[in-house]
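Let me begin by presenting the structure, written as structure tokens, before commenting on it.
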Amino acid sequence: MDIDDWRKRIDEIDSQLTELLSERSRCVIEIGKIKRQRQLPVYDPQREKDIFERLARNNRGPLENDALKRLFERILDESRRVERVALEQQP
């Protein structure tokens, strides 16, 4: 494979990641509705700790655990933002 083949593969993966992140966001919105009904906070530090631990356990590399954690910190930040916005838009 040459560079163009590898770039095409990366583009395909990026498309898959985009769809998966959108699906994750839809789940976050539904969880936000349940949290609102149960009067639970948007931010759950124990849940995030559990996520990071699970990611580290399942990580097979070559991405280091710290790098994976940084990526997921951003994903979780955006997930909380999506959840807050969705809740603000609900009556």
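Only one entry of 85, 42 meets the criterion of being surrounded by 14 or more Cβ atoms within 10 Å (Cβ to Cβ) and either in a helix (DSSP H, G or I) or within 17 Å of the chain's Cα centre (by Cα) (or both), and that entry is 42. The residues listed here are 15, 79; of these, the one that is among the polar types (S, T, N, Q) and surrounded by 11 or more Cβ atoms within 10 Å (Cβ to Cβ) is 79.
All of the numbers you see were taken from the coordinates with simple rules; none came from a lab. Because the structure is a prediction, the values reported are computed rather than measured. When we count neighbours, we look across all protein chains shown, and the Cβ atoms used for this are built from the backbone with ideal geometry, even at glycine.
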